[in-house]
Structures are given as structure tokens and as C-alpha cells.
1. Could you say whether any residue in the range 75-86 is at pLDDT 90 or above, under 16 Å from Asp201 (Cβ atoms), open to solvent by less than 50 Å² (accessible area, probe 1.4 Å) and out of contact with any Lys or Arg (no Cβ under 8 Å at 6 or more places or on another chain)?
2. Please verify whether Lys72 is more than 19 Å from Leu185 (Cα to Cα), basic (Lys, Arg), out of contact with any His (no Cβ under 6 Å at 6 or more places or on another chain) and open to solvent by 40 Å² or more (accessible area, probe 1.4 Å), treating the condition exactly as stated.
3. May I ask you to list pairs of residues, at least six apart or on different chains, whose Cβ atoms are under 9 Å apart, with the first in the range 92-105 being aromatic (Phe, Trp, Tyr) and the second being at pLDDT 95 or above and not in a loop (DSSP other than H, G, I, E, B)?
4. In this structure, does Ala186 turn out to be under 22 Å from Ala304 (Cα atoms), of a type outside the set (Asp, Glu) and either modelled with pLDDT of 95 or more or open to solvent by 50 Å² or more (accessible area, probe 1.4 Å) (or both)?
5. Restricting attention to the range 153-190, which residues are of a type in the set (A, V, I, L, M, F, W, C) and free of Cβ contacts under 8 Å to residues at least 24 places away in the same chain?
6. Can you name the number of the only condition in (1) crowded, with 16+ Cβ neighbours inside 10 Å; (2) farther than 22 Å from Thr233 by Cβ that Arg13 fails?
7. Given (1) touching a residue at least 60 places away in the same chain (Cβ under 8 Å); (2) within 24 Å of Val226 (Cα to Cα), identify the lone condition not met by Lys69.
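The values are calculated or read from the model by the stated rules, or taken from the named source; none is laboratory data. Just so we're clear, the structure is a prediction, and the values are computed from it rather than from any experiment. Note: ideal-geometry Cβ built from the backbone for every residue, glycine included; neighbour counts use all protein chains shown. For the accessible areas, the whole protein counts, side chains as well, though only heavy atoms, and no ligand, DNA or RNA atoms are used. Shrake-Rupley method; radii C 1.70, N 1.55, O 1.52, S 1.80 Å.
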Amino acid sequence: MLNFRTDLASERRDIYQKVQGTEGKLNGIESQKEQINEKLSVERVKITNEEGEKAIGKPKGIYTTIDIKNLKIAQEEEINKASEVLAKELGDIISMHIDKQGEILVVGLGNESVTPDALGPKTINEIEVTRHFINYMPQYVKEGTRMVSAISPGVLGTTGIETVEILKGVVQNINPKLVIVIDALASRSIERISSTIQISDTGIVPGAGVGNTRKEISQKTLGVPVIAIGIPTVVELATLVSEGIDIFIERLQEKAESNEYLNRLQQNDKYEEVKEALNIGEYNMIVTPKEIDGLIENMKEIVAQGINLAM
């Protein structure tokens, strides 16, 4: 299997096609793009069989990617529009698994003390939870309100407990019909950092995109459907440099279009070569932009509002 170093299904598909030298539709992978406006687009990728699973290393299911341009300067109106798009896509996936009254547990993964990993815990603080009202003050709750609870379980380094072990206990006690997990992801493109949202109904393997794989959180491990909402917040240094080389080659090719070496270098996946050159000793750098604080705040608003609307 290729070393994708990205959690995004759409990126994995593109990398696979580039390495294999294939274009167009892949067996077992269906995709559809929709342009919402000049700043918002949605791509829906569906993996339908084992061949698709094997090609990009993702389980069968739905992977919806929402891309948002210029998020760091987004106005309130643009954030609200992105939330509405997220709510629609998330609502469609939820309705495939449970009815309108099914109880939902929202989980914010990550470490709030580390900004690129703080999206999950920060979002949880904005979720409109209703479970306690319905249980203890039902007279004040509108009939038909969905029961929603939320938790931020921390990380293995501070709790000493695998996240899935914590969630198994919570799920067994409160019996939700579905779990929504929010987590930071890794991407192969700096442009996607905190500007892309992936929604999938296959669960999540925390840390997989940065080589720190934890135990899987999915229907297989929790016993209920798991929808993952992930936002890329980091990119590996080797990936960033590889992307920079592509841009450099493009500029050179404007003046030397017939240079076979440059053409061949750009067509090949340079990730492994760049990674080998950059990894000094045991260190492998993961990069996040200096604007990450503001980007996380904007993404927190979009995700929280989107989940609340979808409920």
C-alpha cells in the first residue's frame, strides 16, 4: 500500500491515480463534485467494494469533503454559509443510519493545550447538549427534541487510557444510537489546512495521518454507527517541500517545456525521496501555519454550528 500520509479520501484517490498513471473513474470508487459558490465546493466520494478499499486504504463508505477558500479572512456570513452546507451534508449521512429521534453522542478528540490538535475539545464547548434537560427537566423541552450529549475524553498521553476504551464505557452506559467524532487530520496539501472538512460514516483511526496510529473508533469497536468529522490542521514537512518542488518545476517549465528530466520529476511522487532527505536522525517534522489559532476558531464555529443545525 502507498504511504499516503493523509486522512482525506479525495487526496488518497488523487495520489493513487498519479502513482498508477490512471485517469478517470476507478473501480470501486465513485465521486461527484458540486460547486456551491465561488468559495465553497463539495466533493462526495463513495468507496463501494474491496478493490476501492485496497486502492486508497480506506474502508467502504461515504466520504464528503467540503472545501472553503480564504477561511482565514472569512466573514460571519461566509462562516454561516459553510455551517449550513456542513449541516446539510451531515444531516443526509445521519438520516442514513438513525431516525430523527435517535440519541447522538458528540465526541471531541484531541488535546486542547496543543492548538493544531484542539479543534475537537474547542468544538465540544459549543455543542447544544439536551440529554440532561430531557432527563431532569422534560417539562421545559420542546416535544420531539433530539437527545444530544457531548464529551471530550482527552488524549492517551494525559489520561493513560485509549480513547476507544473511554468511549466504550460511555456508550454502554448512555446507549446512544450514533456517535459523531470530531478530530484534527493530516493533509498532503498546505492549502487544505483548516480549510477542508471531511465527513465520513466509517469512523476514524486517530493519529493515522501523522504516523501515530491509535485504536480505531468505529461501529466495529463501539457497536453503533460512527460519523467522523475531520479537519486537516497539519502537513508533513516532506509533503510541503514536495509540493514546493512542484511549484518550482512549473515555473521552470514555463521556460523549458521540453526538458524531459523536469517533466519526469514532476510526474513522479517525490514524497519518499524528499522525506528521506529531510529526516535527520529520528526527527520528522509536522508543520502548521502561523495563523492556526484564528483558523481553528473559525473552523470551531463552522463545525459546531453545522452539528447543531443538523441535530
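1. Checked against the condition, which is being at pLDDT 90 or above, under 16 Å from Asp201 (Cβ atoms), open to solvent by less than 50 Å² (accessible area, probe 1.4 Å) and out of contact with any Lys or Arg (no Cβ under 8 Å at 6 or more places or on another chain), the range 75-86 yields at least one hit.
2. Answer is no for this residue.
3. Sorted first by the residue in the range 92-105, then by its partner, the list stays empty.
4. In short, no.
5. Ile161, Ile166
6. Going through (1) crowded, with 16+ Cβ neighbours inside 10 Å; (2) farther than 22 Å from Thr233 by Cβ one by one, Arg13 breaks only (2).
7. With respect to (1) touching a residue at least 60 places away in the same chain (Cβ under 8 Å); (2) within 24 Å of Val226 (Cα to Cα), Lys69 is out only on (2).
Residue by residue, here is whether (1) open to solvent by less than 20 Å² (accessible area, probe 1.4 Å); (2) under 19 Å from Pro116 (Cβ atoms); (3) modelled with pLDDT of 80 or more; (4) assigned to a strand (DSSP E or B) holds:
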site	(1), (2), (3), (4)
Lys215	no, no, yes, no
Ala228	yes, yes, yes, yes
Leu240	no, yes, no, no
Ile247	no, no, no, no
Arg251	no, no, no, no
Gln266	no, no, no, no
Pro289	no, yes, no, no
Ala304	yes, yes, yes, no
